[in-house]
Amino acid sequence: MTEKRGYGQFCPVALATEVLAERWTPLVIRELLLGSVHFNDLQRGVPRMSSSLLARRLKELQFAGIVERRRGANGGHEYHLTASGRELFPVVEKMGLWAQRWLRHKLVDTENLDPDLLMWDIRRNVVNRVQPGDQRYVVEFQLSGVPISRRRYWLVFEPGHIDLCYRDPGFDISLVVRTGLRVLTQIWLGHLTIERAMREDRLQLDGSRRDVLAFRSWFALNPFAPAGRKPTGQTELAAAQ
């Protein structure tokens, strides 16, 4: 007998769960809330999700009235949240804040570390104000603790645009960032400050003094980083006992 999908309850939480709690669906919504509208960009935000499953989830979200598919300016298709979808922002935000408070120790477990996702997140949050005038500005990231094929990434700053390169773009390097994958993830999540990582020699910045100082101005942290600087829920609970 085929199992009936759904909980068969009139409870609003049950019905919302039927729509939103499918595997990967909350992460697809997260990517849309962060501004990704093209299929390839959505895929880069969920690199361990197959393209076929992503396409299916997008169709399900369209059917639920959360996403609409539009013709883009360049002729391709774009995916945009409807008013219903945009209203999910505080739901997704609360999930992230809750994890920072109660599951922080698991966020940087080895099985959750992903250099491709981390660098993509960094690329879409950096502040494009580092290059002087019309000059190109290139930052090379050298990561330890990862397979050799995923140890080097490049951010290429152009006027009004930033590219993330997985192969050497062949341009002069302005700044080299050397650190471990876990350390960079901890910095990105707000668990570790740049200053402490540098003081403990877990983060090295090689470049001119101006470029080293500029790193702090364009390296914007994860939106949940402010919560990552606060004591964890477990720590506060233990202190109260």
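The values are calculated or read from the model by the stated rules, or taken from the named source; none is laboratory data. In this text, all values refer to a predicted model and were calculated from it rather than measured experimentally. All Cβ positions, glycine included, derive from the backbone under ideal geometry; neighbour counts span all protein chains shown.
Details
- Hey, TYR137 among the hydroxyl-bearing types (Ser, Thr, Tyr), at pLDDT below 95, buried (at least 16 other Cβ atoms within 10 Å of the Cβ) and under 24 Å from ASP41 (Cβ atoms) or not: yes
- Considering only residues in region 140-172 that are over 17 Å from the mean Cα position of the chain (by Cα) and closer than 16 Å to TRP218 by Cα, the one that is surrounded by the fewest Cβ atoms within 10 Å (Cβ to Cβ) turns out to be GLY160.
- Taking helices (runs of 4 or more DSSP H) as the structural unit, those lying wholly within region 3-113 and holding at least 2 residues that are without any contact (Cβ under 8 Å) to a residue 24 or more places away in the chain and under 27 Å from ARG123 (Cβ atoms) correspond to 25-33, 39-45, 51-63, 89-102.
- Flag not set for SER51, criterion: polar (S, T, N, Q) and within 23 Å of PRO90 (Cα to Cα).
- Single residue of GLU60, GLU78, GLU68 found to be farther than 25 Å from LEU113 by Cβ, of a type outside the set (Val, Ile, Thr), surrounded by 12 or more Cβ atoms within 10 Å (Cβ to Cβ) and touching a Lys or Arg at 6+ places or on another chain (Cβ under 6 Å): GLU78
- Filtered residue count, region 204-219, keeping only those that are modelled with pLDDT of 90 or more and either exposed (fewer than 13 other Cβ atoms within 10 Å of the Cβ) or under 29 Å from MET95 (Cβ atoms) (or both): 6
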